[in-house]
Structure formats: structure tokens, C-alpha cells
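In what follows, a structure is listed as C-alpha cells, so that the remarks can point back to it.
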Amino acid sequence: MTRTVTEPVDGDETATIDSDVAIVGGGLAGSLAAAVLARAGRRVALIDKRAVHPDEFRVEKIGGHQLELFGKLGFLDALEDVARRYDQVLNIREGKVVDVSVGRAYGFAYADLVAMARRQLPDPSNLIVDEVTAIGSSGDVQHLELASGRRVAARLVVLATGMAGALGYKLGIRRRVLAERHSVSFGFTIARQDGTPFDFEALTCYGERTADGIDYLSLFPVHAGMRANLFMFRDPTDPVMRELRREPEATVLRLLPGLRSYLGDFRVTDRVQNWVMDLTVVEGHLRPGIVLIGDAFQTNCPAAGTGVARLLVDVDRLCTEYVPRWLMTAGMGLEKISQFYADRDKIAADQQSLKMARFRQALTSRNDIGWDVRRRLHFLRRSLAHRVDQMHPGWLGRVRGVLRA
């Protein structure tokens, strides 16, 4: 059982811990930010109530631009140690191949990714296993009170607390709901009944009927086997949610019958986890000496796949651009803090995330004629491009390279 420090401590342990930056929340955002800053020589206190992050259903795969950001921050080699690489994804709809995605990607358990990030801290003492109960902010030094009785003083406090908003609420920060119960995600691991491997490296199966509200089911390798992530835009109280938890194999094949020939006889090998996501953004967050990053600032639609990219942009811009500059001069007032929130890359990532969330929902669920035509054209373009690329290998890659140039 993971120990949480909440009881008072005696003696010198109650002395104030001085740091340049105190990061509250040791999930992926907080742990990566702490590692970047600590490796750059900053005095960092990463505060989380758990010494080992629990096994929870969060981000479980990354690829594309996300890998570029991981590499820029210096974490790519460490990622290789905790993740399973795959280079090709077979994309299907209604049992037919839409196209094949080619490019390096990784599947992993979220807790393993957080542990990897924490191992990048140059000094284990950077992690303080405790719980922040109060924060006093000012334009100079911030003061944090911990449940154990200890205190932390820091020039800057970074809130990386995800959707847990108790500390922000005490500071007057509120969360505005943009779309309540926007999406539902399920995660589980599967294997063939006879123990043989699947005939694909990774596979994405898109929903077949708008009434089902299924965006797609993503299958990809992790160390524990073949991981399944199912993304839906549907009422979380719908009976199908209970069916997915109780009889996941039969329910998945009923909702996505085109999958049967690709999966064969399969079984779910672990607990079915699910997550209901509200799209939210904070308000009243411009406070002296305090910055919010990742989900603590804005949540994402898991189906859109933009959450990690947003998180990495926040970490990169804050920890490599603004914090080094801010620490060079006295004070930590609003004029400094506002620079981060006004950063063009951050704003673009936040806006793109919301745009993709709305697009995925509309493409999946809207049944008016305009979106029906758009949906058909979306998959037709992909299918035609795939056929041309099969006849002229490498054509699609060259075209994309020219468009990016």
C-alpha cells in the first residue's frame, strides 16, 4: 500500500525548504517539468502525496509531433525503456481497410511513464512525498504549507494538479465548463484465446454508425499485451457503458462488427477502466507567483489525441523559456506570469486542442446531411490516397514533405 504523508513530523523536519520552483502535482506534467528544471540546475521541489504514482487510465500512447517534443526536452531515450515501439497502424472501417499509418509511436502504462519522468530528477530529494494544504502567493516569494507540518518557500509555484481543483479554488481560481461529459473513454488489454499474436502491429477501427457515438477503437502494443482504447461521444449513463464493463468482448463486437475478422476469438485480460471527460478551462488564474500547466489549466478530449502535445508545449515553453528568464531578476509579479499565458505556441496548442475536440465529436455523432457528406469525404480521401500510395510507393510521403516545406 502506497504511503501518504499526512501526519505531523517532529524536530528539524519542520524547517522551511527553500527552492526556486515548487511544483505541486507529480503526474506527467509536474514530473517532466521538475526534471527539465532540475537538470538545468534549478532548485526544484516536486510535491506529490504519493511516492509511486498509481496505475490509472490516462494517456497510453504517443507518436508524431509528440515524439519531437519529447526529444527536444531530452526524454526520448528514457521513453524507449518503458514503452513498446510500433511503426505501422492498420486503419479500418466497416471491416475494410481505410489506409495504413506509418511512423514511429509508443504504447505504455501511464504510471510507467510518470516513473520514467521522475527518474530523470538528478536528486531523489527533489521529490517531497507530502500534500500541500495551503499556498500563500505574492509578487516575491510563495509559501506552501504541507500536511506533515513542513513548509516550502519558492520563487515560483507551478500547479500541475490535473483536474483536482481544491488548491486553485482556495486561491480564487475557478474552472469553467465548456462541454459537460464531452466524451467517454475505455481502456483494457486483450489477447487471443489461443495465445497466438494478432496479425497486425497496431490497429484503429472507426465507428460505423453515428447512433453508436463511437469515434474509434485503438489497439496498440504495451508491455502487458495489446492495449485497447475506445473513445465515445455518448451519454455516460447509457446502459451500453455498463455492458462494456461487464461484457466487453461481446459489446465491442456488437458495436464494431467489422472487427471480428481481425481479432478472432479474444478475451479481455485485465480490469476495464473508463473515464468521463468534461472540457474545462480555468478563470481567474492570473496570480502573482503561480502558473498552471497541463490539465490544471485546460482539459482535453482524449479522442483528439492533443493532451500530451499541449502538456509538452506547456513544459517546454515554461521551463526552457520563461522560468530561466524570470529567475534572473527579482520579483514574480503578474507582468512575468502573464508572459507565459500569452505565449503564442501555448495559445495555439490550447486552441487546437479545443478545435479538434469539437471536430472529433461532430465527425462521429452529427447526422445532418452536411456532416454526413463531410464524413464520407473524409474517409474517401484517405482511402484514395492509400490506394495511390500502394501503386506508387512513397508518393504520399513525398507530397506531405513538400506541403510541410
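The values are calculated or read from the model by the stated rules, or taken from the named source; none is laboratory data. Every value quoted in this text rests on a predicted model; they were computed, and no experiment measured them. Note that each Cβ is placed from the backbone with ideal geometry, even for glycine, and that neighbours are counted across all protein chains shown. Heavy atoms of the whole protein, side chains included, go into the accessibility calculation; ligands, DNA and RNA do not. Shrake-Rupley method; radii C 1.70, N 1.55, O 1.52, S 1.80 Å.
Here are some notes:
- According to the calculation over all Cα-Cα pairs in segment 18-99, the P(r) per 10 Å bin from zero is 14, 35, 30, 13, 7, 2 %.
- Largest first, the residues GLU247, GLU201 sort by 1.4 Å accessible area into GLU247, GLU201.
- For a straight C-alpha distance cut-off of 19 angstrom, the aspartates and glutamates reachable from LYS170 (same-chain residues fewer than eight places away being disregarded) are ASP48, ASP130, GLU131, GLU145, GLU283, ASP295.
- The value obtained for segment 295-336, namely the Cα convex hull volume divided by the number of residues, is 70 Å³ per residue.
- Probe 1.4 Å - accessible area at MET116, Å² to nearest ten: 0 Å²
- Computed as a quarter of the hull surface, the mean projected area of the alpha carbon convex hull for segment 240-398 stands at 15.0 nm².
- HIS378, HIS65, reordered so the largest accessible area comes first (probe 1.4 Å): HIS65, HIS378
- Label zone (ALA224, point 7 Å along Cα-to-C-beta; backbone nitrogen cut-off 19 Å) within segment 287-324: none.
- Size check on the chain: the Cα extents along the three principal axes, sorted descending, read 67, 48, 39 Å.
- Rg of the Cα atoms in segment 131-230, relative to 2.2 N^0.38 Å, amounts to 1.76.
- Tail beyond 18 Å, pair distance distribution of segment 86-134 (Cα, percent): 61 percent
- The length gained by stretching the chain between ARG119 and GLU208 to full extension, at 0.36 nm per residue less their Cα-Cα distance, is 27.8 nm.
- The fraction of accessible area contributed by carbon and sulfur in the chain is 51 percent, rounded to a whole number (1.4 Å probe; ligands and nucleic acids excluded).
- Axis of helix 307-316 versus longest Cα principal axis of the chain: the two differ by about 30°, to the nearest ten degrees.
- Potential lengthening of the chain between ALA164 and LYS96 amounts to 20.3 nm, from the contour at 0.36 nm per residue minus the alpha-carbon distance.
- Relative contact order of the chain: 20 percent, from C-alpha pairs under 8 Å at least 6 residues apart in sequence.
- Table column - 3J(HN,Hα) (Hz), segment 207-219, Karplus curve with 6.51, -1.76, 1.60, x for Gly and Pro: x, 9, 9, 4, 5, 6, x, 9, 6, 6, 10, 10, 10
- With respect to the chain, whose longest principal axis is taken over its alpha-carbon atoms, helix 369-391 is tilted by about 80°.
- C-alpha long axis of helix 344-365 to longest principal axis of the chain, angle in °: 40 degrees
- Alpha carbon centroid spacing (whole Å) that separates segment 61-125 from segment 227-303: 19 Å
- The three principal axes of the C-alpha atoms in segment 224-331 carry coordinate ranges of 64, 29, 22 Å, sorted with the longest axis first.
- Candidate lysines for bridging to LYS61, where Cα separation is under 22 Å - those fewer than 8 sequence places away on the same chain excluded: LYS72, LYS346, LYS355
- Only protein heavy atoms count here; under a 1.4 Å probe, VAL100 has an accessible surface of about 50 Å².
- Rounded accessible area per residue of the chain, 1.4 Å, Å²: 46 Å²
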